Amino acid sequence: MCDADPALDVRRGTRDAGDMDRGSRRARVAQAATFVCIFSGAGAGHAGAPAADTIPIKPRELPGLTFALPEAKEVDSKIAYTSGVLRMVIEAKHVVFSLTWDGGGLPEDEELRAAVMSMLKLEARPEPVDFPVGGGLPHRSLRFVRQGVPGNFTSFTCGGRRFSWLTLGDGAQSVHTRALASARCHPDPAQEAAEVVPVVMHVPADWKRVPAAAGQLLLAGASGTVLVRAIPGKHDPGAMERIIPSIANALHADLHLEPRETVKGPHGTRDVWYGLLTIKDEKMPLLVSAWPCADRGIGLILFHLPKTDAKTALTFVLDARCAAAGEKIPDYGATSVR
């Protein structure tokens, strides 16, 4: 429960007149306590925890990855090869750690920035920073401040999976960087081959799967082309409107989007965008939709380049859905290239 401010009982001091530094400090502690609630659901803490910059870490064997994690209270743990989450907190110091993973490639700079701003509801844009990751794994990192509380976010890839490492709280950067340096990737070939984008679509018989990067599904046929991309977390339409152009940029394409429309389909209400995609001076009509896969902790973005009428294209897009937990996901005839 987060009804009260647990930090004020832990770090209450004297209230001398004019002690503005202490008041400011206590305000920041209160804000940090709020983040503990947001990310982990943790309540009041205990005294005596080590300072964040001296928190020990020790290697932990996760599916396909060795990663050193802090000695902290584990408040959420769901571990499988294809996806997982580990959230930890040191309550007395109000320091939060989160490691999550799913199928996908390394996000582009603006895609990552938009996703982090949406997920953490940041007002100021995060700053890019380079934190080395063990084994030379591909990575991108951001440093941010959220209501006076500093934090760091790193996305890195291991095989066909994307890992997201978040630390939040005063002094947590030391844990952030030491943990990243400890990373050792040892993917399971059998599990990697089984990784697919969790989308179910009814595609024409002539459509074939085209090799694509991890975390993406690309299909093409006489009536059009579709690209489906998985993104971590849940995002509002405004964030999607920042993420979608970054994906187009990665494809070396120019994108023009019309204002977002909200359309009701067989799987509920969807946000859709009509637009125009230009690749090497060739202009193509585009229909984009994005929606969350709530039980998987990811979202899907679908890009459709139709060679049909607008009504048929919209029907196809709205019919696409997330695969339910435990449902067999179609492989659409091929294995993606990583």
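Looking at the stretch 93-116, which of its residues are in contact with a helix residue (DSSP H, G or I) (Cβ under 7 Å, 6 or more places away or on another chain), closer than 30 Å to K73 by Cβ and in a helix (DSSP H, G or I)?
Of everything in the stretch 93-116, those that are in contact with a helix residue (DSSP H, G or I) (Cβ under 7 Å, 6 or more places away or on another chain), closer than 30 Å to K73 by Cβ and in a helix (DSSP H, G or I) turn out to be K93, A115.
Grab the strands (runs of 3 or more DSSP E) fully contained in the stretch 121-216, keeping just those with 3 or more residues being among the aliphatic types (A, V, I, L, M), over 30 Å from P266 (Cα atoms) and under 20 Å from the mean Cα position of the chain (by Cα).
none
Given (1) out of contact with any Ser or Thr (no Cβ under 6 Å at 6 or more places or on another chain); (2) closer than 21 Å to A230 by Cα; (3) surrounded by 14 or more Cβ atoms within 10 Å (Cβ to Cβ), identify the lone condition not met by D295.
D295 satisfies every listed condition except (3).
Do you know which residues across the stretch 217-232 are assigned to a strand (DSSP E or B) and open to solvent by 10 Å² or more (accessible area, probe 1.4 Å)?
L218, A220, G221, T225, L227, R229, P232 - these are the residues of the stretch 217-232 that are assigned to a strand (DSSP E or B) and open to solvent by 10 Å² or more (accessible area, probe 1.4 Å).
Go through the stretch 174-197 and give me each residue that's at pLDDT 90 or above and open to solvent by 10 Å² or more (accessible area, probe 1.4 Å).
Scanning the stretch 174-197 gives S174, T177, R178, A181, S182, R184, C185, H186, P187.
Looking at the stretch 198-230, which of its residues are modelled with pLDDT under 85 and closer than 17 Å to V317 by Cβ?
If the condition is that a residue be modelled with pLDDT under 85 and closer than 17 Å to V317 by Cβ, then Q216, A230 are the ones that fit.
For residues in the stretch 233-263 being closer than 25 Å to A212 by Cβ, free of Cβ contacts under 8 Å to residues at least 40 places away in the same chain and part of a loop (DSSP other than H, G, I, E, B), which is least open to solvent (accessible area, probe 1.4 Å)?
A253
Take the stretch 264-292 and flag every residue that is open to solvent by less than 40 Å² (accessible area, probe 1.4 Å) and over 18 Å from A115 (Cα atoms).
G265, G268, R270, V272, W273, G275, L277, T278, M284, L286, L287
How many residues, within the stretch 78-105, are under 22 Å from D170 (Cβ atoms) and surrounded by fewer than 19 Cβ atoms within 10 Å (Cβ to Cβ)?
So the answer is 1.
Looking at (1) touching a residue at least 60 places away in the same chain (Cβ under 8 Å); (2) surrounded by fewer than 20 Cβ atoms within 10 Å (Cβ to Cβ); (3) over 23 Å from G215 (Cβ atoms), which is the one condition that is false for V75?
Here V75 meets the rest and fails (1).
The values are calculated or read from the model by the stated rules, or taken from the named source; none is laboratory data. Model, not experiment: these values are computed from the prediction. Don't worry about glycine lacking a Cβ; one is built from the backbone with ideal geometry, like all the others, and counts go over all protein chains shown. Just so you know, the surface numbers come from the protein's heavy atoms only, side chains and all, with ligands and any DNA or RNA stripped out. Shrake-Rupley method; radii C 1.70, N 1.55, O 1.52, S 1.80 Å.
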